[in-house]
Structures are given as structure tokens and as C-alpha cells.
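The values are calculated or read from the model by the stated rules, or taken from the named source; none is laboratory data. Bear in mind that the values here come from a model prediction, so they are computed numbers and not experimental data. Backbone-built Cβ (ideal geometry, glycine too); neighbour counts: all protein chains shown. The protein model used for the area step is the full one, side chains on, heavy atoms only, and it has no ligands, DNA or RNA in it. Shrake-Rupley method; radii C 1.70, N 1.55, O 1.52, S 1.80 Å.
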Amino acid sequence: MRAHEPIIAIATAPGRGGIGVVRISGADLAPLLGRLFNVPLKPRHAHYLPFNDRDGNAIDAGIALFFQGPHSYTGEDVLELQGHGGPAVLRRVLEHCLEAGKEYGLRHAEPGEFTHRAFLNERLDLAQAEAVADLIDASSEAAARSAMASLSGAFSAHVNTLSDRIIRLRMLVEATLDFPEEEIDFLEKYQARAALQDIQNDLAALTAQAKQGMILREGLHVVLAGQPNVGKSSLLNALAGDDIAIVTPIAGTTRDKVIQQIHIEGVPLHIVDTAGLRETDDTVESIGIARTWAEIEKANVIIHLQDARAQSDELDTAITRRLPARTPVLKVFNKIDLLPAAEQEKLADSTAASLGSTQSTEVALGISAKTGAGLDSLRQKLLEIAGWNPSNESPWLARERHLQALNDAGTHLDLAAGHASQNDRVLDLFAEELRLAHDDLCAITGQFTSDDLLGEIFSSFCIGK
Ligand code: GDP
């Protein structure tokens, strides 16, 4: 990424809209402003102006806003042109600016480059920068709320507080290492073991919340498996229910599977409706079935759907045997509306008893995709399996990368505690583990981050952000 050149992009979504925004960022935009406008732009003032082409003909008329660095999103000079939101008119404004800015090196921005500059200029840290993309991508209100909390720095603040406490402990240890005669007393004198234990407890709490935040961001991959005609598609539609308006069908390469995203309490669930599993000689169908097994391998949860009237026949037993042992499997019996009333009640009782026991997935849930009976219990069970704790809604969103770093920091603190519990002279090892734990936490906020990782994070942003 060439950080010295001015960059430009259309910041609003492609397509037609009431207003469209073209944004430019650069270290010094004064000469370019002089080329684009006849009047000087006062920083942070809305100027209503014609956006003229080279010959003085108006391309559009709109608002020009100039933010002088460092008081801008990127920390550089930023110009925003707010005009009419049509693709052709916005493209013309963009092309005209590019031409006018050619001699200053103005070029198209890469995805996420505005936010990357904001990060490089310390307008936000890495976790906040990621939250920008997460807020834009948030698929539920709960996810948007949490992304905004991360963006405002709530997650980073917790990470920084823990980092500071580790630094204080490190300073004490390292000062002691310089005076070896005091080394033996160090752990006692400064109550280092208790201080470390406190840090470990708080890190564990933060990790638990980050796990919630990750579920909210990533969601859960649920695969519906079972024989043909047990009601997989009906169940998918029933679960989608009111959510149908924001269901996003992802066209499969063949008709073999449909992925739909639904939300339960704001948690996204990616539900894969698969080809029914049965023995077949039909080539096309067997390809579909092979893909079903591939989806099953990737699932976080498998719903093994069966017909309540024909529980666990030979084929279902064969399916059960083939399901991966590491993935939780929910056995769900559909079409209970076709059972005699007494049997329906018995199933409802066993369903209620199974709720609340996160570990137990070997339970029989009775449902009817047709009448909706039992669906609330099924939703609740899915959230339980995801590890979702409704009373502990994460105040922020988290990524796999964050959780990994928190877990790594936890491992180093455990090792440090191990050294501290031995009474031999291992203070330097204790100090080293604290240092490594501190590095892990700093990676979350981006204080020590490789260029490769930064490239990977920002390239997943949309253009213009
Ligand atoms: P799939 O092949 O597993 O996707 O099954 P479908 O969803 O296509 O359902 C097969 C048939 O069972 C359809 O005729 C559905 O209307 C019917 N069906 C699905 N769920 C229920 C249910 O809960 N009760 C009743 N009575 N019929 C159902």
C-alpha cells in the first residue's frame, strides 16, 4: 500500500440513491482544492457549489466538505463531495477529480484504504478499524449494536487495561531481576501471585465475552440432514418465519443445497438445507448427496431430522453412524402433529427436560414444521449449543483472531503462574511469559502487527471505506 499518494473513491453503495458521496484523502489537498473550486473551502463548513468539469460545465451541484488533517477520518486532509446518488453522475465526478489530481498522484483507493490510513495515523486502533467493517456488515441489530461498541473503543479499553496491569507486574519483575539479591523475596513482597491471579481471572472473563461476541459476528453453521421427505425444507422455512424478509438465499452451484441466514435473538444462523440422504443409483442425486456429506463435515451443529412416525429406521441408524463424532448432533423428530395426542405430550415433556443442559445434545426434540409446535425449544437448543448465553450478551463484536490472541495470552499467564508457584530461581522465565502475554494482547489493538496481517484485514473492506 502506497501511503503517500492521495486516494479517491465513491464512498456510497453502488446503484441509485438520493445522495452519493465521493471522498478524497491525502496529506495535503490544498493544491487540488484550488484546481477543483474557484472559492477557498473553509474547513468543516458545508459549501453548496457546482461540481464543474474541465470546461466549466456543471457535472452536478452539491455539498463540498473539507476536513483539514489531522481532524478527519483518516487523519489526513479529506474532501467529501456530496452530490446526487446516480452511478453515472458519480462516476463523472470521480473521473473529473482523478484528471484534476493526476499531477498530484491522485489514484483510486484500494478496499479499506481510508480506514487503513486512519489506523496508520492512530485515529483508531486495529480492533476499532475491524469494527468499522463489522458495523457495515452487521446482519442483525444486536450485531450492529456490538460493532458500534467495539468501534467506540469499549473492547480495546478492556484489552488495554489488562495490558497495563501486565506491564506493571513486568516492571516490578524486571526491576527485581536487576537486583538479584532481592529475587527470592520478590513474589512475596509484591504479592505477585495474587496480582497475577487477578489478571488471569479478568482475562478469562474477557475471553468468555469475546466468545459471545464472535458468535454474534460469525454465527453458527447448522446443517439439516435426514432422509428425503422428513420435512427439512419445511423446517427451514418455518425457522425463517418472520425473518424471511432478510433471508439471503445463496444460489448453490447446483440445486443440491440452499443456504439461508436467519437470526435467533440477533445471532446469525447459516442454515444449510441439504439433499436428502438415501442410497441411490441416480448420478445427479448422488453428487448432491456427496455434497451434503461435505457440508456435514463443516457444520457447527447438525440437525438430524426424522419422521416422528418412523423413528430411527435402518437408514437413520446408518446416517447416525456416519456423522462426525466431534460435531454436536440434535436429533429432531418432525411431524408430531401426525402422532396420537398422548405421544405428542410425551415428546414435549422430554424436550422441555433437555433444555438448559448445554452438554446434552443426544436429546429427542419433537417438532412440527407444519404447526410450529416445538420450534421455540429447537431455537433455544440451537443457541445453547452455540454457547450463546442470553444473559451475557457481549457488549462488543469479536473475531476469531481476537479470541486466539486472548487464548494465547491466557496460556502464557498460566505458564507464568506455573513458574511463580515454584520456589526456585525462575523469575526470568516468569518475566518472559508475562512479556509474551502482553504481546498477544497488543496484537489485538495492532501495536505489534505484521504488514501481511494488516493487508489481509483491510483488503476485506469495501471500496471507499
Ligand atoms: P424434505 O424432502 O425433507 O425437504 O421434506 P419437505 O419439507 O419437502 O416435506 C415433505 C412433505 O412433508 C411435504 O408434503 C410437507 O408438507 C410435509 N411436512 C413437512 N413437515 C411437516 C409436519 O410437521 N407435519 C406434517 N403433517 N407434514 C409435514
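Can you spot a residue in segment 383-391 that is touching a Phe, Trp or Tyr at 6+ places or on another chain (Cβ under 9 Å), over 16 Å from GLN197 (Cα atoms) and either in the same structural domain as ARG170 (by TED's automatic domain parsing) or buried (at least 20 other Cβ atoms within 10 Å of the Cβ) (or both)?
no
Considering each of ASP256, ASP242, ASP198 in turn, give the residue that is more than 30 Å from ARG170 (Cβ to Cβ) and either part of a loop (DSSP other than H, G, I, E, B) or at pLDDT 85 or above (or both).
Just a single option satisfies the conditions, and that option is ASP256.
What are the residues in segment 451-465 that are surrounded by 21 or more Cβ atoms within 10 Å (Cβ to Cβ) and in a helix (DSSP H, G or I), if any?
Listed by number, the residues that qualify are ILE457, PHE458.
Does LEU277 satisfy the condition of being touching a Gly at 6+ places or on another chain (Cβ under 9 Å) and at pLDDT below 75?
yes
Being open to solvent by 30 Å² or more (accessible area, probe 1.4 Å) and under 21 Å from the mean Cα position of the chain (by Cα) is true for just one of ALA204, ALA195, ALA143, ALA175. Which residue is that?
Checking each option against the conditions leaves just ALA204.
Please specify each residue of segment 421-450 satisfying the condition of being open to solvent by less than 70 Å² (accessible area, probe 1.4 Å), assigned to a loop (DSSP other than H, G, I, E, B) and within 22 Å of ALA157 (Cβ to Cβ).
GLY446, THR449
What number of residues within segment 37-86 are touching a residue at least 60 places away in the same chain (Cβ under 8 Å) and farther than 25 Å from GLU5 by Cβ?
Matching residues across segment 37-86 total 3.
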